[in-house]
1. Pick out the one residue from THR122, THR102 that is modelled with pLDDT of 90 or more, surrounded by 10 or more Cβ atoms within 10 Å (Cβ to Cβ), of a type in the set (Ser, Thr, Tyr) and under 29 Å from HIS36 (Cβ atoms).
2. Please indicate, with yes or no, whether at least one residue in the range 141-155 is under 15 Å from the mean Cα position of the chain (by Cα), surrounded by 16 or more Cβ atoms within 10 Å (Cβ to Cβ), modelled with pLDDT under 90 and in a helix (DSSP H, G or I).
3. Please specify each residue of the range 44-64 satisfying the condition of being surrounded by 15 or more Cβ atoms within 10 Å (Cβ to Cβ) and within 10 Å of the chain's Cα centre (by Cα).
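The values are calculated or read from the model by the stated rules, or taken from the named source; none is laboratory data. Given the structure is predicted, the values throughout are model-derived calculations rather than measurements. Glycine gets a Cβ as well: all are built from the backbone with ideal geometry, and neighbour counts include every protein chain shown.
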Amino acid sequence: MAAEPDEAAIEAVELQLSLLWRRARSMSHHLSRSVHPEMEPSAYGLLTILANEGAMRLTDLAASIGVGKPSVSRQIGFLESIGLVRKEADPSDGRAQAILLTDKGAAQIHTVQAARKEVFHTRLAAWSETELQQLATLMAKLNADYDKDFAREAKDHPQVES
């Protein structure tokens, strides 16, 4: 069993993660505005999920980011109004609707993600392959721990489909 990390080490990680999250939020805000001047970062996040996962039900989309359906529904309504997503009958259940990117939405998210990738390439250009692999491994480990928390919370507080 691993020894407990000392408080100073945990505080140093927390400080660095807080800084990274603030910068990531700032980047998300900038990226969302590059898609549409009125787009909120949360709507941009929904576009990236749909780009990565494909068509999803509103309930599944809300669960994937851990927020309620009304908030996601409002964002999807906005994205639909500017032509980036559309709804269609869910092939697995014709009574439900799946949300998917339009061609315009896919093109927009591809352009923005390419720009984001270029920023990462610039920021990490001086890092060695070993450093990049170590960072990716440790971040994956942290994300897996968070996934356990989300799974436990979803089990304890299931959302009701309407």
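1. THR102
2. No: the range 141-155 contains no residue that is under 15 Å from the mean Cα position of the chain (by Cα), surrounded by 16 or more Cβ atoms within 10 Å (Cβ to Cβ), modelled with pLDDT under 90 and in a helix (DSSP H, G or I).
3. Result: TYR44, GLY45, LEU46, LEU47, THR48, ILE49, LEU50, SER64.
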